[in-house]
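Below is one structure; the comments refer to it alone.
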Amino acid sequence: MRWARPASEFHRVTNSMLYDTSNIFAKIIRGEIPAVKVLEDERCIAFMDIMPWSDGHTLVIPKVQAMGLFDAPPDALAALIKQTQIVARAVNAAFQPDGLRLVQNNSPGAGQTVFHLHFHIVPCYNDVPLRLGNAVMANLAVLQEHAQRIRNALT
Ligand code: AMP
């Protein structure tokens, strides 16, 4: 049970929620599970969303332990938005969508399902509805091809 783990595994961020170091993005940061990465530096990682809302849907996360906007250290937020801009430009160049949406959910009430801070970079295409609420697991080869297109567009 979540609360039975040692207190050292958690970082209190609000009165009611704790950072859980076993969340899936913490495992990606530690290299315990794979991700289709497009960019990584000492502070952030960008990788393909495994259940994309549209072609090119990319996530950007800080390496610091933060659940969302409220508990993130400002310097980590600054690094995160800088990498998000770099990756968003590359996604835009690679996929040439009609628009690009940036999403960041805080708490289940807003739709957050992974409790490690992340920005969604979501290309929007005219006449192609976003797969919001009906996304399916992507084909790995397709995700890798999309990631390569984004990496090629990084400047
Ligand atoms: P949110 O609902 O804002 O917390 O978004 C979490 C996102 O993480 C969803 O769009 C999931 O499809 C995505 N996701 C969950 N697990 C993985 C994973 N292992 N690799 C890539 N994306 C993931």
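The values are calculated or read from the model by the stated rules, or taken from the named source; none is laboratory data. In this text the structure is predicted, and so the values were computed from the model without any measurement. Because the Cβ atoms are built from the backbone with ideal geometry, glycine has one as well, and the counts that use them run over all protein chains shown.
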Any idea which of VAL122, VAL87 is within 15 Å of the ligand (Cβ to nearest atom), over 16 Å from CYS44 (Cα atoms) and touching a residue at least 60 places away in the same chain (Cβ under 8 Å)?
VAL122
Leading residue by the ranking (nearest to the ligand (Cβ to nearest atom)) among those in segment 14-25 that are under 21 Å from LEU77 (Cβ atoms) and not β-branched (Val, Ile, Thr):
PHE25
Which residues, taken from segment 114-138, are part of a loop (DSSP other than H, G, I, E, B) and either under 13 Å from ASP49 (Cβ atoms) or of a type in the set (D, E, K, R) (or both)?
VAL114, HIS118, ASP127, LEU130, ARG131, LEU132, ALA135, VAL136, MET137, ALA138
Report, by residue number, each residue of segment 39-55 that is β-branched (Val, Ile, Thr) and over 20 Å from ALA78 (Cβ atoms).
ILE50
Which residue is farthest from ALA94 (Cα to Cα), if the candidates are limited to segment 107-119 and must be more than 9 Å from the ligand (Cβ to nearest atom) and either in contact with a Gly (Cβ under 9 Å, 6 or more places away or on another chain) or among the hydroxyl-bearing types (Ser, Thr, Tyr) (or both)?
SER107
Give me a count of the residues in segment 120-155 that are farther than 20 Å from LYS63 by Cα, in contact with a Gly (Cβ under 9 Å, 6 or more places away or on another chain) and surrounded by 13 or more Cβ atoms within 10 Å (Cβ to Cβ).
7
In the set ILE81, ILE28, ILE33, ILE50, the lone residue that is of a type in the set (A, V, I, L, M, F, W, C), out of contact with any Lys or Arg (no Cβ under 9 Å at 6 or more places or on another chain) and within 16 Å of the ligand (Cβ to nearest atom) is ILE50
Here, strands (runs of 3 or more DSSP E) confined to segment 1-113 with at least 1 residues that are modelled with pLDDT under 95 are 10-12, 18-20
Kindly indicate whether ASP55 is within 16 Å of the ligand (Cβ to nearest atom) and more than 16 Å from the chain's Cα centre (by Cα).
no
